[in-house]
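Structure in structure tokens, see below.
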Amino acid sequence: MSDQAPLLLRHHRPFLSFWLARVFTASGFQMLTVAIGWHLYQLTGNVLDLGLVGLVEFAPRVLFMLHTGHVADRYDRRRVAALCQSLQALIALSLALASSTGSVTRELIFILAFLLGAARSFEMPATQALLPNVVPPGLFPRAVAASASAMQSATIVAPALGGFLYAFGSVWVYGPTVCLYVIACCLTLSLASRQVPLAQGRASIESLLAGIRFIRSRPDILGAISLDLFAVLLGGATALLPVFAKDILLTGPWGLGLLRPAPAVGALLMSLWLARFPVERKVGRVMFTAVGVFGVATIAFGLSTSFWFSLAVLAVLGAADMISMVIRGAFVQLETPDEMRGRVSAVNGLFIGASNQLGEFESGVTAHWFGTVPAVVLGGVGTLVVTGVWIKLFPTLAGRDHMHSRRSDN
């Protein structure tokens, strides 16, 4: 595929450990998401609760955003990530024990969802900032692409497995998830430390806000991540998949287990295509086109009554989102100094979390007000409107030719 691939394989042991840790963590989270969504909908039958659980999980990203980045830049990133993975294992264990005794309640799910969001809020910037310390700088772009494809692979398999296991009972999902997180923790701790000197001293306002100031100083980066924020926030319909699976497409948990990873299938195929044929010219136009396709696919999914057509449309949606993610990731990762990478990743994580968890809340609220299908269709239309507005607000981003600025540093 590339002359860089053999070089990456020479460093396969540390990178493989990192890769597998990401796979197991992603698999655990996806299985938990499927089980919690279906479990909650079974308990309450209220679509608004599906949106609320997304909001509860997102809240820690806002509450702890400034501190998560400082922690990633101040302490050993391996230990920070491993501690967060251990907490997620305890959350899954709590759900397994509560399910086995029939004591799972709506309130318990919300409490554990908040703790899950808190753990992921600290894990994400630490893990993203850890990758450059695992592979040499020259292999970093290739490692990012490989990591992204691995994450999508886990997103494909784990939800389907979670939906299948849930047919035997919720404890059959929560139990294996504990094991996945424990393995991820062990793999993370096994990584050798090649970390650069980290930020010293206690957190200060100046230090905590450094990531925000960095992003604001680069309009193209700000435009790219804010476009993703508002487009996916309006167009995201994943929180409503249990409703589509049960009430519109007339399938059970197995159907939800197939619908959930469908966007990841498209994303994985697109990531493999981009690894072989990277976007090198007219990247601004490509990114805005991809977001527009995301909006159209969202509308098509909302109007669909065919299970198989819905799967296909979700795959297109995921492929379009992957293009936007790759371009945005190049901006953030290649133009950020290593000593600030944790703080910048925390800010970027807030945008990503807002476009997903907060988008789930938006979907739940609009579905409660207008109905499930109108909510998804209106969200897709909103994505198209945002795309047009952002082209006007960020003309240099829309007209950008190269993925990142031509710089001598790596």
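The values are calculated or read from the model by the stated rules, or taken from the named source; none is laboratory data. Everything quoted here is computed from the prediction, not taken from an experiment. Virtual Cβ from ideal backbone geometry, glycine too; neighbours counted across all protein chains shown. Each accessible area value is taken on the protein alone, full model and side chains, heavy atoms only, with ligands, DNA and RNA left out. Shrake-Rupley method; radii C 1.70, N 1.55, O 1.52, S 1.80 Å.
Is one or more of the residues making up the range 134-143 within 27 Å of Arg341 (Cβ to Cβ), at pLDDT 75 or above and not small (Gly, Ala, Ser)?
Yes, that holds for at least one residue.
Okay, next question. Does the range 154-175 contain at least one residue that is within 26 Å of Met340 (Cα to Cα), among the small types (Gly, Ala, Ser) and either modelled with pLDDT under 75 or assigned to a helix (DSSP H, G or I) (or both)?
At the first step, the residues of the range 154-175 found to be within 26 Å of Met340 (Cα to Cα) are none.
No - not one qualifying residue is present in the range 154-175.
Going by the structure shown, is Thr44 within 10 Å of Ser121 (Cα to Cα) and either in contact with a strand residue (DSSP E or B) (Cβ under 9 Å, 6 or more places away or on another chain) or of a type outside the set (A, V, I, L, M) (or both)?
It is false that Thr44 is within 10 Å of Ser121 (Cα to Cα) and either in contact with a strand residue (DSSP E or B) (Cβ under 9 Å, 6 or more places away or on another chain) or of a type outside the set (A, V, I, L, M) (or both).
Moving to a separate point now. Of the numbered conditions (1) modelled with pLDDT under 75; (2) open to solvent by 50 Å² or more (accessible area, probe 1.4 Å); (3) touching a Gly at 6+ places or on another chain (Cβ under 9 Å), Leu384 fails exactly one; give the number of that condition.
Unmet condition: (1).
Is at least one residue of the range 285-292 open to solvent by 10 Å² or more (accessible area, probe 1.4 Å), more than 30 Å from Leu165 (Cα to Cα), assigned to a helix (DSSP H, G or I) and of a type in the set (D, E, K, R)?
yes
Shifting gears a bit: When you go through (1) farther than 17 Å from Leu233 by Cα; (2) polar (S, T, N, Q); (3) at pLDDT 75 or above one by one for Thr336, which number turns out not to apply?
(3)
In the range 229-272, what residues are open to solvent by 10 Å² or more (accessible area, probe 1.4 Å) and farther than 26 Å from Leu161 by Cα?
If the condition is that a residue be open to solvent by 10 Å² or more (accessible area, probe 1.4 Å) and farther than 26 Å from Leu161 by Cα, then Leu229, Phe230, Leu233, Leu234 are the ones that fit.
I'd like to verify a number: residues in the range 91-107 that are within 22 Å of Val182 (Cβ to Cβ) and not β-branched (Val, Ile, Thr), how many?
9
Which one of Ala192, Ala146 is open to solvent by 10 Å² or more (accessible area, probe 1.4 Å), more than 16 Å from Phe29 (Cα to Cα) and not in a helix (DSSP H, G or I)?
Step by step, each of Ala192, Ala146 is checked, and only Ala192 is open to solvent by 10 Å² or more (accessible area, probe 1.4 Å), more than 16 Å from Phe29 (Cα to Cα) and not in a helix (DSSP H, G or I).
Among the residues of the range 85-96, is there at least one that is open to solvent by 70 Å² or more (accessible area, probe 1.4 Å) and closer than 23 Å to Leu187 by Cβ?
Yes, the range 85-96 contains a residue that is open to solvent by 70 Å² or more (accessible area, probe 1.4 Å) and closer than 23 Å to Leu187 by Cβ.
Suppose the filter is modelled with pLDDT of 70 or more, within 20 Å of Gly51 (Cα to Cα) and under 19 Å from the mean Cα position of the chain (by Cα); does Leu314 pass it?
Taking the combined requirement at face value, the residue satisfies it.
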